[in-house]
1. Please verify whether residue 332 is outside any loop (DSSP other than H, G, I, E, B), modelled with pLDDT under 85 and open to solvent by 80 Å² or more (accessible area, probe 1.4 Å), treating the condition exactly as stated.
2. Only one residue in 309, 297, 324 is closer than 20 Å to residue 246 by Cα, more than 26 Å from the chain's Cα centre (by Cα) and not small (Gly, Ala, Ser), so which one is that?
3. Does the range 265-277 include one or more residues that are under 22 Å from residue 326 (Cα atoms), surrounded by 13 or more Cβ atoms within 10 Å (Cβ to Cβ) and of a type outside the set (Val, Ile, Thr)?
4. Residues of the range 244-260 being part of a helix (DSSP H, G or I) and either hydrophobic (A, V, I, L, M, F, W, C) or open to solvent by less than 20 Å² (accessible area, probe 1.4 Å) (or both), which ones?
5. Could you check how many residues of the range 281-299 are more than 29 Å from residue 118 (Cβ to Cβ) and not in a helix (DSSP H, G or I)?
6. What's the number of the only condition in (1) at pLDDT below 70; (2) open to solvent by less than 60 Å² (accessible area, probe 1.4 Å) that residue 29 fails to meet?
7. Kindly indicate which of 302, 276, 316 is in contact with a Pro (Cβ under 9 Å, 6 or more places away or on another chain) and assigned to a helix (DSSP H, G or I).
8. Scan the range 280-305 residue by residue and report those that are closer than 15 Å to residue 326 by Cβ and aliphatic (A, V, I, L, M).
Amino acid sequence: MRSGGQQFSRGALYQMLSNPIHLGEIRHKKERYPGQHEPIVGRELWEKVQRRLRDQAATHRERPTKAPPSPLAGKLLDENGEPLYVQGAVKGARHYRYYVSRGLVRGSVQDDQRGWRIAAPELERAVGAATRQILGDRAAIAGAIEEFNLDASRLPSIFKLAEAWIQSLRSEAEAASVLTRLIEGVGLKQDGIQVSIKLPIPSDEGRDVATPNELALTRFVPMRMKRRGVEMRLIIDGDATPTARVDLPLLNATARAYRWSNDLLTGRVRSIGEIARREHLTARHVRRVMRLAFLAPRIVEAIATGRQPADLCTLAMTQRIELPPLWSAQERALDIR
C-alpha cells in the first residue's frame, strides 16, 4: 500500500511548526517538559515562528465567512410544486449561491427531465424586477383595495408606500431585505414566474379588526430563459430598467487576449508556445482565448458594460462560436446593436 507523497495541508503544517519537540521539549496534554534530546532550533527563532502562527490564525479568524442572504429561501417552487433549495460555495473571498431543484440535490431527476439550477443573484434580480412591476401597477392595487372593501381615500398613501418599496428594490443594499419582507411565494414556469407579494397597508386607527393589514397581489410575469451550461439566465420581459451584469470571466479572458496579442506584436514573446509556458497553460487554450483579441470594438464594449447577449460566455466565445473576421458580420452574428 502506497503511503506519503502528498502535499501538507495547512493544518498539518501548523501542527508541525508548533510542536515544541524542535525546541528540545516534549508536550503532554497542555504542558511542556524538557526532553532528553537536543533542540534543533534556537528559542528566539522558535518564538518568532510562534508569533507568526498566532498572527496568521488571527487573520483567518477575522476573515468574514458569513454567506450573503438568500431572500427567496423557502419561497420557491417549480412547475411541479417541488421546492428549490439554496446551495452555496466559497472560492477565496467570493461566495456563490444557487437555487437548485430538490430532484437535482437528491439526484432523482430523470434523464428526460430538467431541473432548475439558477444563480441566486440572477433569480433575485428577476424577482425584484417582477415585484417592481406589481408595485407599479396602480390599477391592480386599486382593484385589490376595492376587493377588500377598504376606504378608497387611503389610495394615495398606499401608492406612496408602494413607490417607496420600488425605490428600495432599486437599491442594491436594501433589495434583499425588501424581498424577504414582501415576497409571499414564487412559482417557476418554463415561460415565466408567478410572483405573489404582500404589500403592507398603512395603519388606520379606526380600522376594523377583521380588516387586513396587507394587500395580497399576484402576477404572472413572462420570462425568457437563456441556458449557460447547467445554469440559466432569466430575462423578465417588459422590465424597463434591466440590470447589467458584467461577466467577469469573459471580461478577464478578453483582457488576457489583448495582452497576449500585444506581446506577440511587440516582440516581447516569440510564439504562442512561449506565452503558454509563461502562463502555465496549454498552447491550445492560449490560441482559443486569443480569438477574443479580434472582436469588434462594439462587442468588447458590450462585454465591458455587461450588455452582451445572455448566452454569451467564455466557453461559447472560445470554443463553440466561430466568428467571421469582419466586425460588422460579428455584430450581426451576436446580435450586438
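The values are calculated or read from the model by the stated rules, or taken from the named source; none is laboratory data. Note that the structure is a prediction, hence the values are computed from the model and not measured. When we count neighbours, we look across all protein chains shown, and the Cβ atoms used for this are built from the backbone with ideal geometry, even at glycine. Accessible surface is based on the protein model in full, side chains and every heavy atom, while ligands, DNA and RNA are left aside. Shrake-Rupley method; radii C 1.70, N 1.55, O 1.52, S 1.80 Å.
1. Values: outside any loop (DSSP other than H, G, I, E, B): yes; modelled with pLDDT under 85: yes; open to solvent by 80 Å² or more (accessible area, probe 1.4 Å): yes.
Against the criterion (outside any loop (DSSP other than H, G, I, E, B), modelled with pLDDT under 85 and open to solvent by 80 Å² or more (accessible area, probe 1.4 Å)), residue 332 qualifies.
2. Values: 309 fails: more than 26 Å from the chain's Cα centre (by Cα); 324 fails: closer than 20 Å to residue 246 by Cα.
297 is the lone residue from the list that is closer than 20 Å to residue 246 by Cα, more than 26 Å from the chain's Cα centre (by Cα) and not small (Gly, Ala, Ser).
3. Of the residues in the range 265-277, the ones under 22 Å from residue 326 (Cα atoms) are 265.
Then drop every residue that is not surrounded by 13 or more Cβ atoms within 10 Å (Cβ to Cβ), which leaves none.
Within the range 265-277, not a single residue is under 22 Å from residue 326 (Cα atoms), surrounded by 13 or more Cβ atoms within 10 Å (Cβ to Cβ) and of a type outside the set (Val, Ile, Thr).
4. Result: 248, 250, 251, 253, 254, 255, 257, 260.
5. Residues that pass the stated criteria total 3.
6. Residue 29 satisfies all of (1) at pLDDT below 70; (2) open to solvent by less than 60 Å² (accessible area, probe 1.4 Å) except (2).
7. Working: 276 fails: in contact with a Pro (Cβ under 9 Å, 6 or more places away or on another chain); 316 fails: in contact with a Pro (Cβ under 9 Å, 6 or more places away or on another chain).
Matching residue, one of 302, 276, 316: 302.
8. Step one: filter the range 280-305 for residues closer than 15 Å to residue 326 by Cβ, giving 291, 294-299.
The answer is 295, 296, 299.
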